């Protein structure tokens, strides 16, 4: 089991200089005072990565911390998930979510807390997400005890984000319907492509719909010196790969976004044998469900056409938007059978998150970004409840924390963990403020991106737009 006593972290280890002054925000000051504790949590989690729903040690670690903080929780939810509750136990209710699972990657970063499990690594920052939410839990619990929390905050510790659709599993488990019912929900992702200390987001679609295809092409193998006696599946495969590269170029408008990437091909094992079978697979991405459907239809057509034209048989598996996808069998090597929907931030959710960010950092460090073609199963929550996904910049070239996610050399800028914890707290407080006082919505900071595809603008945005027109 993961250790209960958290690793001690020196200022040198955390790369925090003695000259660092405590930040001005009260919430930031409180989170800053717990930074060694937060870093210790993250490092303990980093050493023990677990995959998908197999989170026995990780979940036990989170529950042990919650027990120590005297925070009640429900477990198990969606196998190893946890729903903790802080506050009055009554409406209004806001939720904060963190994912807990790691990736099947061999870590190449040397450190005293590197992965102790070969072939598994927290290369997407979920150890940071979990530790930041646990620190937020500690800070919110203090507010509950002081009687200053006007409502309920639920903390969702989610399994299986990395392809297993753990978000959908939690929705199906009734997390969103349980009393008090969640009225707003937020999540955060560390982002090495953004400068450390930056908080980013946008109104509308922020992350893509994401799924996969897996094709097995069967022919008739034989001696490589007599190819005319065979049906070569490798030729079928090569034709299919070339055809797949035309889908986005000739089916998606240049002003729109789409991805069809072949990410693996397999077939054959000898120099003088034409194999009887070959396989390929990859990912599809679009910023809309409708766009994804087009890519999926054209992918299937290209694969079927390539197989038929050259005499191969095709066995094709596609991920699915269907609600029962978590119960469908996935091909070997695939983490699940679900196509994640696009992650769409609601106007009010991003406005509340942005207000929270502006309470913590300077205005120039709160940025609005274009959508990314990465996928996120937090999308399942946002299909039912207003809220937002935000990015926490962790890119620092001097610390080599600007290596991208899902890379064996991914590193975390631990100096940003206290900011992420404080942002969780402030997003919950910002949403409770709006829910307790509808008039507070008119005071939300206006997004610079008008014409959201998800809901109408809040009043301050409408006023801002009018004022800009007059200027």
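The values are calculated or read from the model by the stated rules, or taken from the named source; none is laboratory data. In this text, all values refer to a predicted model and were calculated from it rather than measured experimentally. Don't worry about glycine lacking a Cβ; one is built from the backbone with ideal geometry, like all the others, and counts go over all protein chains shown.
Kindly indicate whether residue 163 is in contact with a strand residue (DSSP E or B) (Cβ under 7 Å, 6 or more places away or on another chain) and on the phi > 0 side of the Ramachandran plot. Full working, then the answer.
Details: in contact with a strand residue (DSSP E or B) (Cβ under 7 Å, 6 or more places away or on another chain): no; on the phi > 0 side of the Ramachandran plot: yes.
Taking the combined requirement at face value, the residue does not satisfy it.
Restricting attention to segment 306-334, the residues being crowded, with 19+ Cβ neighbours inside 10 Å and part of a loop (DSSP other than H, G, I, E, B) number 2. Residues in segment 125-143 include at least one that is assigned to a loop (DSSP other than H, G, I, E, B), modelled with pLDDT of 95 or more and surrounded by 19 or more Cβ atoms within 10 Å (Cβ to Cβ). The residues of segment 222-278 that are in a strand (DSSP E or B) and either within 31 Å of the chain's Cα centre (by Cα) or outside the structural domain of residue 290 (by TED's automatic domain parsing) (or both), listed by number, are 258, 259, 260, 261, 262, 263, 264, 265, 266. Every listed requirement among (1) more than 29 Å from residue 104 (Cα to Cα); (2) crowded, with 23+ Cβ neighbours inside 10 Å; (3) in contact with a strand residue (DSSP E or B) (Cβ under 6 Å, 6 or more places away or on another chain) is met by residue 62 save one, (1). Scanning segment 141-184 for residues that are within 25 Å of residue 34 (Cβ to Cβ) and more than 23 Å from the chain's Cα centre (by Cα) yields 141, 142, 143, 144, 145, 146, 147, 148, 149, 150, 151, 152.
Would segment 203-212 turn up any residue that is closer than 20 Å to residue 426 by Cα and either in the same structural domain as residue 114 (by TED's automatic domain parsing) or more than 27 Å from the chain's Cα centre (by Cα) (or both)? Let's see the steps before the verdict.
Here is the first cut: in segment 203-212, the residues closer than 20 Å to residue 426 by Cα are 203.
Checking the rest, the ones that are also either in the same structural domain as residue 114 (by TED's automatic domain parsing) or more than 27 Å from the chain's Cα centre (by Cα) (or both) come to 203.
The answer is yes, given that some residue of segment 203-212 is closer than 20 Å to residue 426 by Cα and either in the same structural domain as residue 114 (by TED's automatic domain parsing) or more than 27 Å from the chain's Cα centre (by Cα) (or both).
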